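One structure is given below, encoded as structure tokens.
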Amino acid sequence: MERQKVDYDVIGFLAKSLALRFKITNKNFTHVIGISRGGLLPAKVISYALDAKLLVLGLNSYDDSGQTDKMDIVQDIDFNKLPEDSRLLIVDDKIDTGNTIDYVKERIGNKFKLVRYVTLFAEKSAKDKVDHYGVLVPDETWIDFPWE
């Protein structure tokens with residue numbers, strides 16, 4: 001497995017670049033939802049840049065032995081309480097298997113007219129599961145984030 005170390009300046013650059021892409025294309029979001037833990041910092045940067053409310057969806061699919069098939073909700077959002085005209089941007093740090101994004105898509109359903117999914121890094125085999133990504137990386141690339 002290839003390992004790639006990234007620093008906070010890379011995280012900030014990618015988050016700001018993605019936010020700029022949305023501004024240039026006039027994509028206005030009412031809520032930016034960070035998938036914790038990895039999506040929190042980029043979601044915060046993006047929410048400030050887009051002047052959108054920040055929400056957190058805490059999910060965990062890892063245990064001591066690695067990724068599992070079980071998705072534990074550690075911090076929830078009641079999507080039924082959000083106005084139907086909400087425009088959501090879902091942010092995570094990386095997509096590899098796509099299990100997390102698939103789970104979030106299932107939870108949100110089709111209640112909202114505009115929902116977009118973005119990650120800072122996308123593995124080649126999973127890139128089609130998100131609408132936008134910052135950097136495409138080869139499959140099986142481990143990203144060493146600065147908070148790890």
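The values are calculated or read from the model by the stated rules, or taken from the named source; none is laboratory data. A quick note: this is a predicted structure, and the numbers were derived from the prediction, not measured. Neighbour counts run over all protein chains shown; Cβ positions are idealised from the backbone, glycine included. What goes into the accessible areas is simple: the full protein's heavy atoms, side chains included, and nothing from ligands, DNA or RNA. Shrake-Rupley method; radii C 1.70, N 1.55, O 1.52, S 1.80 Å.
Diagonalise the Cα gyration tensor of the chain and give the resulting equivalent ellipsoid semi-axes, square root of 5 times each eigenvalue, largest first, whole Å.
After diagonalising the Cα gyration tensor, the semi-axes are 23, 19, 14 Å.
If we count every other residue with Cβ under 12 angstrom of Leu55's Cβ, Lys/Arg +1 and Asp/Glu -1, where does the sum land? Mind dumping the intermediate values first?
Numbers: positive: Lys44, Lys53, Lys81; negative: Asp76, Asp78.
Here the count lands on +1.
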Measure up Lys5/Lys53; Lys70/Lys105; Lys53/Lys124; Lys5/Lys111 against 26 Å on the Cα-Cα distance and list the ones that go over.
Lys5/Lys53; Lys53/Lys124; Lys5/Lys111
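Take every Cα-Cα pair in the stretch 1-86 and report what % of them are more than 21 Å apart.
Distances greater than 21 Å cover 44 percent of the Cα pairs.
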Would you be so kind as to identify all helices of the chain, as entire DSSP H runs, whose Cα atoms reach 18 Å or more along the helix's own axis and whose mean Kyte-Doolittle hydropathy is at least 0.0?
8-24
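Rank these residues by their accessible area, most exposed first, probe 1.4 Å: Tyr48, Tyr103. List each step's numbers first, then the result.
Numbers: Tyr48 165, Tyr103 55 Å².
From most accessible down to least: Tyr48, Tyr103.
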Sequence order, the stretch 69-82: Karplus ³J(HN,Hα) from phi using 6.51 cos²θ - 1.76 cosθ + 1.60, θ = phi - 60°, Hz rounded, Gly and Pro as x, gives 7, 8, 10, 8, 8, 9, 8, 10, 10, 8, 5, 5, 8, 7
Write down the accessible area per residue of the chain in Å², having rolled a 1.4 Å probe over the full set of protein chains.
57
Taking H placed 1.01 Å from N in the peptide plane, check which residues at least 5 places from Arg116 or on another chain put their amide H under 5 Å from its amide H.
Leu88, Leu89, Ile90
Need one value: the accessible area of Phe13 in square angstrom, 1.4 angstrom probe, rounded to the nearest 10.
140
Please list, ordered by chain and number, the residues whose modelled amide H lies under 5 Å from the amide H of Gly58; skip anything fewer than 5 residues away on the same chain.
Ser36, Val74, Gln75, Asp76
How much of the accessible area of the chain, probe 1.4 Å, is carbon plus sulfur, in whole percent?
47
Counting only residues 5 or more apart in sequence or on a different chain, those whose built amide H sits under 5 Å from that of Val137 are Ala122, Glu123, Lys124
Calculate how many DSSP beta bridges within the chain are antiparallel, expressed in % of all such bridges and rounded to the nearest 5.
15
